[in-house]
Amino acid sequence: MPTSATNSGKSSKKPTSYFFSLLNPVRIFRAVQFHRKQKKYCKASHDLELRLYSEMLSNDMLHYGYFENADIEPEKLSFHDMETAQVNYAEKLISHLADKSLPVLDIGCGIGGIANLIYQKGYTVDVLSPNISQLTYVKKNYPALTAYNEKFEEFKADRKYGTLLNAESFQYIDMNKAFAKADELIVQGGRWIICDYFSTKTGDEKKAGRRFEDFEKLAGEHGWKIIYHEDITKHVLPTLKFANMYITRIVNPLIFYLENKLLVKMAWFYQLTHEIRDSLSKKLTKEFSKVDTTVFLSEKKYLILVLTK
């Protein structure tokens with residue numbers, strides 16, 4: 001008695017037929033056209049990583065966070081602990097704000113979490129970001145903030161600021177241009193708060209990252225004084241440990257499982273795509289190394305700096 005397709009519950013299409021369908025000239029042409037359109041993607045305007053973080057965390061803050069207990073084990077951390085650490089981080093920066101009667105400029109504002117907290121404390125806050133997705137989110141959720149979709153180096157303001165704030169955004173700005181622009185925007189006696197990591201490596205800045213010694217020298221040349229300096233490296237490490245734990249225990253095993261599932265179910269496709277998978281594996285390894293605490297400690301230090309002029 002013949003078995004019907006509906007009784008079997010499985011498609012009669014063989015794996016090889018999927019392969020030959022991929023070779024269809026029309027499908028290839030459409031795929032090439034789609035790829036060309038995607039090349040226009042600009043991370044500065046549409047940052048997918050930041051969008052991911054914003055959907056994972058609920059307080060609209062995208063920085064490392066500050067943990068009072070720097071030795072806490074990652075297994076004991078929850079998303080609530082992570083969000084609390086981010087608020088602690090924001091509060092530490094807010095404690096250094098200048099005169100409340102003067103406006104604050106949050107440079108590289110992310111999705112507005114810190115700026116909104118500053119606003120709730122009675123300050124006038126402007127936010128600045130070249131990222132279209134971020135600014136769209138900020139305008140929708142925090143309409144009281146004045147938002148500018150521009151790079152800091154190109155920003156033209158119609159007023160001076162009492163405080164400039166860079167919370168993990170200074171690393172993306174050319175230092176010479178940053179000091180020149182800050183000179184234009186700050187009031188006499190105003191403050192520039194920078195919280196970010198600096199490289200402890202030597203060599204080319206583009207490869208090694210910016211070094212504090214170079215920053216300090218440039219600050220002096222522009223007439224800025226560092227009135228507060230705190231190394232909080234150990235207090236941000238729990239964030240890296242937490243991320244590394246999830247990569248080690250969930251992401252890597254899941255990748256291993258999916259690759260072996262592909263090998264068992266579609267060995268021909270597994271072999272055919274090995275170069276693509278190897279390339280992706282190398283990229284993931286490079287990305288995952290950013291949350292390796294040993295590497296971070298050997299190459300970086302995370303500082304809170306307050307400058308005045």
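The values are calculated or read from the model by the stated rules, or taken from the named source; none is laboratory data. Predicted model only: the values in this text are computed from it and were never measured. FYI the Cβ positions are ideal-geometry reconstructions off the backbone, even for glycines, and counts take in every protein chain you see.
Restricting attention to region 67-102, which residues are closer than 21 Å to D158 by Cβ and surrounded by fewer than 17 Cβ atoms within 10 Å (Cβ to Cβ)?
Once the filter is applied, which keeps residues that are closer than 21 Å to D158 by Cβ and surrounded by fewer than 17 Cβ atoms within 10 Å (Cβ to Cβ), region 67-102 yields D99, K100, S101.
With the requirement that a residue be within 20 Å of Y257 (Cβ to Cβ) and at pLDDT 85 or above, what does region 283-295 give you?
Across region 283-295, the qualifying residues are K283, L284, T285.
Residues being outside any helix (DSSP H, G or I), surrounded by fewer than 21 Cβ atoms within 10 Å (Cβ to Cβ) and not charged (D, E, K, R): count how many of those fall in region 174-189.
So the answer is 3.
Tell me which helices (runs of 4 or more DSSP H) are completely within region 1-111 and hold 1 or more residues being modelled with pLDDT under 95 and in the same structural domain as A178 (by TED's automatic domain parsing), or say none if there are none.
79-94
Output the qualifying pairs, or none if there are none: Cβ atoms under 6 angstrom, residues six or more apart or on different chains, first residue in region 268-288 and part of a helix (DSSP H, G or I), second residue surrounded by 12 or more Cβ atoms within 10 Å (Cβ to Cβ).
That search, which allows pairs on different chains as well, returns Y270/L262; Y270/L263; F288/I247.
Would you point out the residue of region 138-160, among those that are outside any loop (DSSP other than H, G, I, E, B) and in contact with a helix residue (DSSP H, G or I) (Cβ under 7 Å, 6 or more places away or on another chain), that is surrounded by the most Cβ atoms within 10 Å (Cβ to Cβ)?
Restricting to residues being outside any loop (DSSP other than H, G, I, E, B) and in contact with a helix residue (DSSP H, G or I) (Cβ under 7 Å, 6 or more places away or on another chain), the top hit is F152.
Conditions: (1) loosely packed, with under 11 Cβ neighbours inside 10 Å; (2) assigned to a helix (DSSP H, G or I); (3) not small (G, A, S). T202 meets all but one. Number of the miss?
Of everything listed in (1) loosely packed, with under 11 Cβ neighbours inside 10 Å; (2) assigned to a helix (DSSP H, G or I); (3) not small (G, A, S), T202 misses just condition (2).
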